[in-house]
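> Once you've had a glance at the structure underneath, I'll fire off some questions.
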Amino acid sequence: MSITLEQATPGHIPLIRDLAQRIWRVHYPPIIGKEQVEYMLDRNYSLEALQRQIEAEGQIFWLVMEHGTVAGFIAVSDKGEGRYFIHKFYLDNEKRGRGMGKRVFEVLMAHYPACREFRLTVNRQNYKSINFYFRIGFSIEHCIDIPIGEGYVMNDFQMIFKANSHT
């Protein structure tokens, strides 16, 4: 499995938006409902929102490449002192469940050699993703409920991966 990460540019924003829409509309309706999916896509994956995340918020977007084809994307921000936050970790729908995510995480780690820890949040009902994160070495740090507007709340686990305990 030939996996690489290519840093996204603002020119990749439409590609990331389209990929997010395809992934979210399949994966998330059973977990959070179609209405919240559409709200969150508009809120977090519009062209303007993605541009703001890259340019103003400093998120680094990585395109997951498999044999030269985009297979997913990741967004990471540097929190200082070897601490990073993974905002997004998505593989296209047909790519999940075949070991690719673990390989992608290994490649991501190679891009952050000074990493001491990664954190992320994941919906508490997103069992497949939670179990994937457990398998690659994350643990639950605590529960977090984040109001996001229009009466919606993200009911998440914050998870942590400590790099030094996995080397």
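> Looking only at the stretch 1-38, which residues are farther than 16 Å from His87 by Cβ, in a helix (DSSP H, G or I) and β-branched (Val, Ile, Thr)?
Listed by number, the residues that qualify are Val26, Ile31, Ile32, Val37.
> Which of the residues spanning the stretch 129-167 are of a type outside the set (D, E, K, R), out of contact with any Cys (no Cβ under 6 Å at 6 or more places or on another chain) and assigned to a helix (DSSP H, G or I)?
Ser129, Ile130, Asn131, Phe132, Tyr133, Phe134, Asn164, Ser165, His166
> Further, regarding this structure: Which of (1) closer than 21 Å to Ile146 by Cβ; (2) at pLDDT below 95; (3) out of contact with any Ser or Thr (no Cβ under 8 Å at 6 or more places or on another chain) is the odd one out, the single condition Gly58 does not satisfy?
In the conditions (1) closer than 21 Å to Ile146 by Cβ; (2) at pLDDT below 95; (3) out of contact with any Ser or Thr (no Cβ under 8 Å at 6 or more places or on another chain), Gly58 misses (3) alone.
> Also, I was wondering about something else. Between residues in the stretch 7-28 that are modelled with pLDDT under 95 and residues that are among the acidic types (Asp, Glu) and part of a helix (DSSP H, G or I), which pairs lie under 9 Å by C-beta distance while being six or more apart or on different chains?
Between residues of the stretch 7-28 that are modelled with pLDDT under 95 and residues that are among the acidic types (Asp, Glu) and part of a helix (DSSP H, G or I), the close pairs are Pro10/Glu55.
> What number of residues within the stretch 5-24 are in contact with a helix residue (DSSP H, G or I) (Cβ under 8 Å, 6 or more places away or on another chain) and loosely packed, with under 14 Cβ neighbours inside 10 Å?
Residues meeting the conditions: 3.
The values are calculated or read from the model by the stated rules, or taken from the named source; none is laboratory data. This structure is a prediction, so every number in the text was calculated from the model and none was measured. Cβ: placed from backbone, ideal geometry, glycine included. Neighbour counts: every protein chain shown.
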